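What follows is a short report on a single structure.
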Amino acid sequence: MNVPVFGTRFKSVNRSCPCPFCDHTDWCFFTHPDDPPMPDGSDGVLIYCQRVSGLKFGETITGSDGDTYVCVGNTSGGATVFEAVSQYIARHPNTKTAKELGGTGYVRGDVIKQKPFTVEKEIQPLSSEQLNRAYSIMVSMFKLDPEDREKLHRDGMTDDVIAFNQIVSLPEPDAYRFNNKKYKSVNPLRKDVGEKIRKAMGGSIEGIPGLYYNSAGKATIAGLGGILYPQYDLYGNIVAMRIGVKRRWKDDKGNDITKEEYEHAAAEAKAQGMRTNYVQLGKYMNLASYAEDRDALQKRIVKNRYLGGCRSGNHLGFYKSPGKADLEFIYITEGEKKAMIAADILNSIVVDVPGVNSHTLLYLDSDTPSPLSILKDHGTRAIIVAYDADKNHNEAVLKAQNGLVDALSEMGFGIAIAEWDEAKGKGLDDFLVNGGTIEYHFVRSCSF
Ligand SMILES: [Zn+2]
């Protein structure tokens, strides 16, 4: 089940209000349900846990606060959405699930109360400055594969933009290289880069998302091979890496298969009214060395199967033009490659929001000032929202855009929505590369 966005007014968990499922004080968050709202007009609460997974809709668990919660969905970003059972019943009084959960008139008996998950303490990512040190070594040791460079050229990226943003290729895993003698790469082995980083970082790679220790105790790099796009913070530190993965296909056991084999299996399953277990991989993912240990999960323990590894978290990317960029107004879009190309053509700062629903990263309350408040202090007055052109018929994107506009209005920023003809390109980058001109739909002017 895929829940695009649920509820309004996001609020991060914090020390005084930790996540009742994983007990962490960051990354998980709360919202208020809006569809349907609370019948008594109160706020209500939905909890998005970013760490506990493996629950299906309707399954119940006990939170560390002692309340019983029901899983009401899973987001495409990997969060599990929970709601207190009593609240769920109040909001959905006449549904089958409410009845199963013991709603009015039914004997509460068949609800399975499971023991709470135990979450092993996770390694936290290092500071932005330290991550920048580690990832700078990574991008200095890896080169961009000529084939990948051609692909970027086809997408409209110039060599200047590639060099300015330090885009390189992540070779296939070392084991793949040893087993496939035909595979050739311009790049060193992953473990050689991993070890170089470990030495430079004082002997440890803990806290660097993407790095982990292999069975021989050597530092190496996790993830599928592909194009590595650095993600920069406001100050120009590389705080994360995104991998643009080549299209590839896997069978239900994770073995490589051809596109034809995948399509055949998909068609066969469809004919039987089913879905294939074969998967098509592609697009973008975070470079991270975190994956839930499946065996431990069976015992309701959440732990990382990568030794010394960690998650990368969700980051905003700030992309500049190789030329001069003005801070007075900035663009917001979704996708790093898009942001890099647009920053160059528009000669502006373009912020990459990792998934339209992640716009809360721009302004969410936390212990440190939000990126938007920092930009405001540095002279930013207006924000141009430039999500993909299909937003007009994509409810989730439109809803996310409205949420962002509300938050920006509250902060007093001037706001414009970038509009363009979808026929000339769905994404901001395609459209600009095709020589299009943006039409600005002004929402409000700056009030500070
Ligand atoms: Zn949580």
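The values are calculated or read from the model by the stated rules, or taken from the named source; none is laboratory data. Values in this document were obtained by computation on a predicted structure and should not be read as measured data. In this analysis, Cβ positions are derived from the backbone assuming ideal geometry, glycine residues included, and neighbour counts consider all displayed protein chains. The protein model used for the area step is the full one, side chains on, heavy atoms only, and it has no ligands, DNA or RNA in it. Shrake-Rupley method; radii C 1.70, N 1.55, O 1.52, S 1.80 Å.
Is there a residue in the stretch 16-34 that is at pLDDT below 80 and more than 14 Å from the ligand (Cβ to nearest atom)?
yes
Can you name the residue in the stretch 179-207 that is β-branched (V, I, T) and within 26 Å of the chain's Cα centre (by Cα) and is also nearest to A288 (Cα to Cα) among such residues? Break it down into steps so the answer makes sense when it comes.
Kept after step one, since they are β-branched (V, I, T), are these residues of the stretch 179-207: 186, 193, 197, 205.
Checking the rest, the ones that are also within 26 Å of the chain's Cα centre (by Cα) come to 193, 197, 205.
Numbers: V193: 15, I197: 15, I205: 12 Å.
Residue satisfying both the conditions and the ranking: I205.
Look at D43 and say whether it is open to solvent by 40 Å² or more (accessible area, probe 1.4 Å), modelled with pLDDT of 85 or more and either away from the ligand (no atom under 16 Å from the Cβ) or under 22 Å from R300 (Cβ atoms) (or both). Don't jump to the end; show me each part of the working.
Numbers: open to solvent by 40 Å² or more (accessible area, probe 1.4 Å): yes; modelled with pLDDT of 85 or more: yes; either away from the ligand (no atom under 16 Å from the Cβ) or under 22 Å from R300 (Cβ atoms) (or both): yes.
Against the criterion (open to solvent by 40 Å² or more (accessible area, probe 1.4 Å), modelled with pLDDT of 85 or more and either away from the ligand (no atom under 16 Å from the Cβ) or under 22 Å from R300 (Cβ atoms) (or both)), D43 qualifies.
Output the qualifying pairs, or none if there are none: Cβ atoms under 7 angstrom, residues six or more apart or on different chains, first residue in the stretch 74-102 and more than 18 Å from F30 (Cα to Cα), second residue buried (at least 18 other Cβ atoms within 10 Å of the Cβ) and of a type in the set (S, T, Y).
Here the result reads A98/Y88; L101/Y88, each pair linking the stretch 74-102 to a residue that is buried (at least 18 other Cβ atoms within 10 Å of the Cβ) and of a type in the set (S, T, Y).
Determine, yes or no, whether T80 is within 13 Å of the ligand (Cβ to nearest atom), under 23 Å from the mean Cα position of the chain (by Cα) and open to solvent by less than 10 Å² (accessible area, probe 1.4 Å). Reasoning before the result, please.
Values: within 13 Å of the ligand (Cβ to nearest atom): yes; under 23 Å from the mean Cα position of the chain (by Cα): yes; open to solvent by less than 10 Å² (accessible area, probe 1.4 Å): yes.
For T80, the condition - within 13 Å of the ligand (Cβ to nearest atom), under 23 Å from the mean Cα position of the chain (by Cα) and open to solvent by less than 10 Å² (accessible area, probe 1.4 Å) - is met.
Being touching a helix residue (DSSP H, G or I) at 6+ places or on another chain (Cβ under 7 Å) and open to solvent by less than 10 Å² (accessible area, probe 1.4 Å) is the filter; apply it to the stretch 360-387 and report the residue that is nearest to R9 (Cα to Cα).
Going through the qualifying residues, I end up with L362.
Would you confirm, using the coordinates I've provided, whether G194 is within 18 Å of V168 (Cα to Cα) and in contact with a Gly (Cβ under 7 Å, 6 or more places away or on another chain)? Give the steps one after another, and end with the answer.
Numbers: within 18 Å of V168 (Cα to Cα): yes; in contact with a Gly (Cβ under 7 Å, 6 or more places away or on another chain): no.
For G194, the condition - within 18 Å of V168 (Cα to Cα) and in contact with a Gly (Cβ under 7 Å, 6 or more places away or on another chain) - is not met.
Could you please find all residues in the stretch 46-66 being within 14 Å of the ligand (Cβ to nearest atom) and open to solvent by 50 Å² or more (accessible area, probe 1.4 Å)?
G54, S64, D65
Looking only at residues in the stretch 295-332 that are aliphatic (A, V, I, L, M) and part of a loop (DSSP other than H, G, I, E, B), which one is least open to solvent (accessible area, probe 1.4 Å)?
Keep residues of the stretch 295-332 that are aliphatic (A, V, I, L, M), which gives 296-297, 301-302, 307, 316, 325, 327, 330, 332.
Restricting the remaining residues to those that are part of a loop (DSSP other than H, G, I, E, B) gives 307, 316, 325.
Working: L307: 114, L316: 17, A325: 35 Å².
Out of the qualifying residues, it is L316.
At pLDDT 95 or above and farther than 19 Å from N237 by Cα: does that describe K113?
Values: at pLDDT 95 or above: no; farther than 19 Å from N237 by Cα: yes.
Spelling it out, it is not the case that K113 is at pLDDT 95 or above and farther than 19 Å from N237 by Cα.
Of all the residues that make up the stretch 408-448, how many are open to solvent by less than 60 Å² (accessible area, probe 1.4 Å), more than 19 Å from D352 (Cα to Cα) and assigned to a helix (DSSP H, G or I)?
2
Mind counting the residues in the stretch 398-407 that are open to solvent by less than 30 Å² (accessible area, probe 1.4 Å), under 13 Å from I417 (Cα atoms) and either free of Cβ contacts under 8 Å to residues at least 60 places away in the same chain or not in a helix (DSSP H, G or I) (or both)?
2
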